[in-house]
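Asker: After the structure tokens below, expect a handful of questions from me.
The values are calculated or read from the model by the stated rules, or taken from the named source; none is laboratory data. Not measured: the values here are computed from a predicted model. No Cβ is skipped: glycine too gets one built from the backbone with ideal geometry, and neighbour counts run over all protein chains shown.
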Amino acid sequence: MRRGRPSVTDPMADEPSTPETPDSTPAGEPSGVPSSPRVPNSPGLPAPAEAPAGSGHPAAGPRAHVTHVLMGLIGAVFLLQYIPPLGLLERFGFMPALAAEQPWRMLTHAFIHSQPSPLHVGFNLLALFFFGSFLERAIGHVRFAVLYVLGALGGAVCVLVLADPTSPASWFALHVGASGAVFALVGALLTPTRELDRNLGGVLALVALNAAIPLVEPNISWESHLGGLITGFLLGCAALLPPPRRRPLVFGVAALLMVAVLAGLTVLKLLAVASLPPALSTF
């Protein structure tokens, strides 16, 4: 985030059954020679396509539908931003001062990016493609969508909580970009589990790099990155650490708790700002 300025047929129907010898060795194979064992997946390769969604193993094949839809929406909105009369950046970017009056900005900002350079939206789309495609296959479409949305909200709430209402540069800053939601995906990839076949060192290096970027680029909204990272890590633990049969329930409860926490933090911050003396508050 930047701070602004077909039908199914029976596959065995037409296949003749293969006779077997009394010792269960298929005809045509020498007796005593075992059949080829199933070869486990090599590190870095996707799990078999029949791996159930939410098992922690990405299924093979292009099945990351939610990721692709999100990428399409972000790209379309970015193109619409080139139509000045729409004023999408000013109307849908997140500003702490408008959190109470226009709370929808806490989500819509994740579809708006800075212009005219395409680097901001390009980096987020690239990260969403790699991280999102992998993670969606691992935890399933619904949980992935919930994780993404709550990550965007978590990033905005962190911006709000850390904003200084006595400083116009902080309280009236416009925040845009999908970085908070993307960092929620990174946070989920940091879940301490061996089920995710990912390069953990590479993920940690990315986190460290983004922690250092604000030192040289002050317009980067590190608060949104932090909020998304924390939100994603907590939801990732709920999606991947419990026993497989209990994961849908645990994740659902965790998501509801996360919504409650984010809403509570927002209300507490706004109440604290409203109680400030008029001479100090810019609200």
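Asker: Using beta carbons and a limit of 9 Å, which pairs, at least six apart or on different chains, have the first residue in region 144-159 and on the phi < 0 side of the Ramachandran plot and the second one basic (Lys, Arg) and at pLDDT 95 or above?
Answerer: From region 144-159, the pairs are Ala156/Arg105; Val157/Lys269.
Asker: Another question, if that's okay. Identify all residues within region 135-148 that are closer than 18 Å to Gly180 by Cα and out of contact with any Ser or Thr (no Cβ under 6 Å at 6 or more places or on another chain); write none if there are none.
Answerer: Hits for region 135-148 are Leu135, Arg143, Phe144, Ala145, Val146, Leu147, Tyr148.
Asker: Keeping to region 171-207, report how many residues are of a type in the set (Phe, Trp, Tyr) and touching a Gly at 6+ places or on another chain (Cβ under 9 Å).
Answerer: Going through region 171-207, the residues of a type in the set (Phe, Trp, Tyr) turn out to be 171-172, 183.
Keeping just the survivors that are touching a Gly at 6+ places or on another chain (Cβ under 9 Å) gives 183.
So the answer is 1.
Asker: Could you please let me know if Gly72 is surrounded by 16 or more Cβ atoms within 10 Å (Cβ to Cβ) and small (Gly, Ala, Ser)?
Answerer: no
Asker: Quick one: in region 57-67, of everything that is at pLDDT below 95 and not in a loop (DSSP other than H, G, I, E, B), which residue is surrounded by the most Cβ atoms within 10 Å (Cβ to Cβ)? Reasoning before the result, please.
Answerer: Step one: filter region 57-67 for residues at pLDDT below 95, giving 57-65.
With the extra rule that they be not in a loop (DSSP other than H, G, I, E, B), the set shrinks to 59, 65.
Working: Ala59: 19, His65: 12.
Filtering region 57-67 for residues that are at pLDDT below 95 and not in a loop (DSSP other than H, G, I, E, B), the one surrounded by the most Cβ atoms within 10 Å (Cβ to Cβ) comes out as Ala59.
Asker: Then there is this: Do any residues in region 241-255 that are among the acidic types (Asp, Glu) have Cβ atoms under 9 Å from those of residues that are assigned to a helix (DSSP H, G or I) and surrounded by 16 or more Cβ atoms within 10 Å (Cβ to Cβ), where the two are at least six apart or on different chains, and which pairs are they?
Answerer: none
Asker: So how many residues does region 104-118 have that are surrounded by fewer than 15 Cβ atoms within 10 Å (Cβ to Cβ) and farther than 14 Å from Gly75 by Cα? Show your work before the answer.
Answerer: Going residue by residue through region 104-118, those that are surrounded by fewer than 15 Cβ atoms within 10 Å (Cβ to Cβ) are 104, 115-118.
Keeping just the survivors that are farther than 14 Å from Gly75 by Cα gives 104.
Total satisfying the criteria: 1.
Asker: Something else now. Show me the helices (runs of 4 or more DSSP H) found entirely inside region 185-278 where at least 2 residues are on the phi > 0 side of the Ramachandran plot. Walk me through it before giving the result.
Answerer: Values: elements: 200-216, 222-240, 247-274.
Counting at least 2 such residues, we get no helices (runs of 4 or more DSSP H) at all.
Asker: I would also like to ask the following. Could you tell me how many of the residues in region 158-170 are modelled with pLDDT of 95 or more, part of a helix (DSSP H, G or I) and out of contact with any Gly (no Cβ under 6 Å at 6 or more places or on another chain)?
Answerer: Within region 158-170, residues that are modelled with pLDDT of 95 or more, part of a helix (DSSP H, G or I) and out of contact with any Gly (no Cβ under 6 Å at 6 or more places or on another chain) number 4.
Asker: In this structure, is Gln102 modelled with pLDDT of 95 or more, farther than 17 Å from Val186 by Cβ and not in a helix (DSSP H, G or I)?
Answerer: The answer is yes for Gln102.
Asker: Could I ask something else about it? Go over the candidates Leu135, Leu147, Leu126 one by one and state the one that is surrounded by fewer than 21 Cβ atoms within 10 Å (Cβ to Cβ), out of contact with any Pro (no Cβ under 6 Å at 6 or more places or on another chain) and either at pLDDT 95 or above or hydrophobic (A, V, I, L, M, F, W, C) (or both).
Answerer: On the way: Leu135 fails: surrounded by fewer than 21 Cβ atoms within 10 Å (Cβ to Cβ); Leu147 fails: surrounded by fewer than 21 Cβ atoms within 10 Å (Cβ to Cβ).
Only one candidate qualifies: Leu126.
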